[in-house]
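Just so it is clear, none of the values below were taken in a lab; they were calculated from the coordinates. Being a predicted model, the structure only gives us computed values, none of them experimental. FYI the Cβ positions are ideal-geometry reconstructions off the backbone, even for glycines, and counts take in every protein chain you see.
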Amino acid sequence: MFNVEDLTLHQGTFETPCLHFDVSIGTQVPRLPPLPQSHTDIEAVMDDEIVSSSHNGLRLFLMQWSGHRHYDASWIIKDTFRDLNSAVLEWYLQHILPESSGGE
């Protein structure tokens with residue numbers, strides 16, 4: 001058993017874990033339209049979710065990367081998605097999440 005006195009402050013950096021998942025056969029994943037105005041390594045947005053905290057919510061996107069297997073997909077935050085390809089993010093928010101209108 002551990003006591004509170006056994007805890008120490010973490011001194012390193014924190015890397016967001018890559019969550020592996022299994023996509024069942026027949027799962028329909030919406031593919032993104034071709035966007036000639038910008039290059040992207042994003043093949044598809046597999047899922048999205050809002051993670052709540054005591055301060056606010058954080059929208060995460062599960063990304064399937066071009067040239068990688070489905071289990072290499074990883075979660076990124078909305079700001080990272082915007083930095084990678086803001087046009088794809090806006091398309092996703094308007095066509096897949098029309099009720100969100102991109103806001104948290």
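The residues 47, 83, when put in order of fewest to most other Cβ atoms within 10 Å, stand as 83, 47. Counting neighbouring Cβ atoms within 10 Å and putting the fewest first, the residues 43, 90 line up as 90, 43. In this structure, the amide hydrogen of residue 43, modeled 1.01 Å from its nitrogen in the peptide plane, lies closer than 5 angstrom to those of 64, 65, 66, counting only residues at least 5 positions away or on a different chain.
The smallest convex shape that holds all Cα atoms of the stretch 38-99, its convex hull, gives 85 Å³ per residue.
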